[in-house]
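Below you'll find the structure, written out as C-alpha cells, and then a few comments.
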Amino acid sequence: MVDTDVLIVGAGPVGLTAAAELRRQGVTCRIIDRLPARLPYAKAVGVQPRTLEVWDRMGMVRAALEAAVPLRGQLTYADGVEQARFEMRLPPEVPYGFAALPQYDTERIIEEHLARFGTGIERGTELLGFTQDADGVVSRIATASGAREELRSRFLVGCDGAHSTVRKGLGLTFEGGAFPEEYMLADVEVDWNLPEGYGVRSMHHGADGRIDDALVCIPLPGERRYRMSMLVPPELSTKGENAAPGETVHGLEGGRAPRLEHIQAVVDRLSPEPATASSLRWSSVFRISHRLVDRYSVGRVFVAGDAAHIHPPTGAQGMNTGIQDACNLAWKLALMLNGGAHPRLLDSYDAERRPVGEEVVGRTVRHARAGGVQTATDDRTTVMLREAQLLVAYPDSPLTATNGAGPAEADAPGPGARAPDCRGLTSGLAMTPLRLYDLLRDRGHVLVLYADSADALTACRYTAATADRLTGGELPAFLVAPGDADTAQGVHVPSGANGRHLPVFRDEAGEFARLYGAKGATAFLIRPDGYLSARLARLAAAETEPALADALGRVFRL
C-alpha cells in the first residue's frame with residue numbers, strides 16, 4: 001500500500017516548488033520539514049528572471065511581483081572611489097527583470113499557492129532514514145508529537161539542504177571545499193541617500209593589492225532596507241565551531257550573532273557616504289563552501305537544491321538553481337506517475353541538471369574570488385543573460401530531438417534551448433495583444449505550430465493530426481500565423497472520430513517569427529519547464545511523422 005506518490009523532505013523554496021508543481025499536475029505528495037515554523041530570515045534574497053518565468057508557467061508569479069522590489073544594478077566603490085555603475089539590463093523581449101525578495105516571503109508565496117491544492121507542510125516532522133525497492137520507498141519519520149511512523153511513497157525527493165539526510169542516506173559524495181574567510185549577514189535599515197534599487201559593493205585594498213575589507217548590500221522591500229554582508233571581526237569568529245571532523249559549517253550556523261555596533265563599524269569604514277544602520281531584524285555569521293554531489297538520484301530517490309550543490313552567494317544563483325531543479329524533476333515525476341512517460345524519462349534529471357549545478361558552482365567560485373559578477377570578461381549582455389539563468393539549455397539531453405530541426409536563424413532557439421516569450425499575439429476574442437507565455441501558462445507540453453502560407457497551413461494541420469494520433473489527442477496545440485495571414489480564428493484538424501479545433505493566433509508585430517526564426521511551416525514542442533524539446537522545420541508528409549515520433553517518443557510512452 002502506498003501512502004502518497006511523492007514524499008518531499010524540506011519545505012524551503014526548492015521543496016515547496018517541487019510540491020506545487022506536482023500538485024498542479026495532479027500528483028499526490030506530502031512535504032515534511034523538521035522546523036516548527038518558517039524561519040524569519042532574509043537568507044536567499046535574489047530572484048532571477050528565469051525563476052519568475054518558471055513561476056509564471058506555474059501560475060503563481062503575480063504574488064511574487066507584488067511582494068518583491070526590482071534590482072536595477074550595482075554601485076561599486078574601491079578604496080572610497082566610485083567605479084563604473086553596473087546596470088542590470090536585459091533585452092526588451094525578456095518578460096521579467098531581476099528582483100529581491102526575502103526568503104521567508106518566497107516560501108510564504110509558494111506555500112500559499114500550494115495550499116490551493118489542499119496540501120500543507122507537515123511541520124516538526126523529521127526524516128530518520130529510508131529504504132527503497134523496485135516499487136517504492138519506505139521512509140521512517142518522527143512527527144511533531146514524537147511518534148515514529150513508516151511512510152511508503154513511490155518516490156522520495158530530498159530538498160533538505162546542505163546537511164541533507166537524504167543525500168547521506170544514499171551514500172552520495174559531496175566533494176568541494178570552503179573559503180577561509182567568514183562573513184556576517186545582517187538585515188538592517190540605513191539612512192544614506194543612494195539610488196533605490198541598486199546594490200552596493202564597497203571594497204578596501206591592502207598594501208599587497210588584495211581586498212582586506214568589504215561591504216556588500218542588497219536592497220530589500222522596505223524603505224532603505226538592505227541585506228548586508230561583510231567580513232567577520234576576530235571576536236565573532238566561529239572557525240572550528242559546530243562542525244564535526246572533516247565537516248564544514250554551512251550557511252547560517254554560526255555560534256555568535258553580530259550586534260548593531262559590529263555592523264555600524266563596517267558601515268563607518270566602507271559606506272560611500274556617512275550613514276547610520278538601524279532596525280536590526282536578524283544577523284548571523286556564515287562561511288562559504290562550494291560542493292557538488294556526484295549523482296542527483298539513485299533509483300527512486302532524488303536530491304535537489306542545496307542537498308545537491310552549494311556555492312558562493314555571488315550573483316544569487318543558489319536558490320534559483322534549486323527551484324529550477326525542482327521544476328525539472330517534478331514534471332517528469334508527474335508524467336511518470338500518470339503513466340504516460342518513456343520508461344527512462346527520470347534518467348534525464350541527472351543528465352540535465354548536474355551539468356548546470358557544476359557550471360554554477362564553478363562560476364560563482366570564480367566570481368567570488370575575483371570580486372563579483374562585474375569582473376566577468378564576457379560582453380555585458382551575455383553576463384546578464386547568464387546571471388539571469390536565461391542561457392541554461394539542454395542541447396545534449398536525451399530528451400532533446402535534433403531530427404528534422406532544419407536550418408535556423410543564428411539567434412533562433414534550437415532544440416534544448418529556453419523557449420523565449422514574445423508579445424503581440426492577437427485573436428478574434430482577445431481585445432488586447434497576448435504574450436506567448438499567456439498561452440503556455442498552467443499547461444504541460446504544448447505543440448506550437450507556425451504557418452505563413454496556405455501550403456504551410458496544410459502541413460501544420462497534418463502535423464497536428466499526426467501528434468493527435470501519436471498521443472491519443474492529449475497534446476495541447478495551437479497555430480501562430482503572420483498578422484496579415486488570411487486564416488479563420490481556428491482551423492479544423494482531421495483527427496480522431498470528428499477531428500478538433502486548432503486555435504490560431506496572429507503574430508501582429510512579427511515578434512514570434514523573429515525570435516523563433518520561424519518561416520514556412522515550423523513546429524515547436526515546448527516542455528512544461530519552458531524548454532524546446534524539438535524544433536521541426538521540415539513539415540512534409542514524408543518527414544514529419546518520423547521526426548515528430550522521435551521527439552515525442554523521447555518523453556512519452558507512445
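The values are calculated or read from the model by the stated rules, or taken from the named source; none is laboratory data. Just so we're clear, the structure is a prediction, and the values are computed from it rather than from any experiment. Note that we place each Cβ from the backbone using ideal geometry, even for glycine, and neighbour counts take in every protein chain shown. Ligands, DNA and RNA are stripped out before the accessible areas are found, and what is left, the full protein with its side chains, is counted by its heavy atoms. Shrake-Rupley method; radii C 1.70, N 1.55, O 1.52, S 1.80 Å.
Checked against the criterion of being farther than 25 Å from Leu515 by Cα, in a loop (DSSP other than H, G, I, E, B) and at pLDDT below 95, region 86-99 has no qualifying residue.
Residue pairs whose Cβ atoms lie under 8 Å apart, separated by 6 or more positions or on different chains, with the first residue in region 538-556 and among the β-branched types (Val, Ile, Thr) and the second in a loop (DSSP other than H, G, I, E, B) and at pLDDT below 80, are Thr544/Gly404; Thr544/Arg538.
Is one or more of the residues making up region 508-520 over 17 Å from Arg423 (Cα atoms), open to solvent by 30 Å² or more (accessible area, probe 1.4 Å) and more than 27 Å from the chain's Cα centre (by Cα)? Yes, that holds for at least one residue. Once region 188-220 is narrowed to residues that are among the β-branched types (Val, Ile, Thr) and closer than 19 Å to Glu82 by Cβ, the residue that is most open to solvent (accessible area, probe 1.4 Å) is Ile211. For a quick check of your reading of the model, give me the residue pairs whose first member lies in region 269-287 and is basic (Lys, Arg), whose second is assigned to a loop (DSSP other than H, G, I, E, B) and surrounded by fewer than 16 Cβ atoms within 10 Å (Cβ to Cβ), with beta-carbon atoms closer than 9 Å and at least 6 apart or on different chains. Every condition considered, the pairs that remain are Arg281/Pro40; Arg287/Lys239.
Taking residues in region 1-21 that are under 10 Å from Ile110 (Cβ atoms) and in contact (Cβ under 8 Å) with a residue 24 or more places away in the chain, and partners anywhere that are open to solvent by less than 10 Å² (accessible area, probe 1.4 Å) and of a type in the set (Asp, Glu), the pairs with Cβ atoms closer than 8 Å and at least 6 places apart or on different chains are Val14/Asp325. Check whether at least one residue in region 168-182 is open to solvent by less than 10 Å² (accessible area, probe 1.4 Å) and among the hydrophobic types (A, V, I, L, M, F, W, C), and report yes or no. No: zero hits.
Contact map, region 380-394: first residue among the basic types (Lys, Arg), second residue surrounded by fewer than 20 Cβ atoms within 10 Å (Cβ to Cβ) and part of a helix (DSSP H, G or I), Cβ cut-off under 9 Å, separation 6 or more or different chains; pairs are Arg386/Arg363. Taking residues in region 463-482 that are open to solvent by 10 Å² or more (accessible area, probe 1.4 Å), and partners anywhere that are of a type in the set (Val, Ile, Thr) and at pLDDT 90 or above, the pairs with Cβ atoms closer than 6 Å and at least 6 places apart or on different chains are Pro476/Val446. Of the residues making up region 57-85, just one is in contact (Cβ under 8 Å) with a residue 40 or more places away in the chain, open to solvent by 30 Å² or more (accessible area, probe 1.4 Å) and in a helix (DSSP H, G or I), namely Ala63. Restricting the search to region 14-33, which residues are open to solvent by 10 Å² or more (accessible area, probe 1.4 Å) and under 24 Å from Leu101 (Cβ atoms)? Correct list: Val14, Arg23, Arg24, Asp33.
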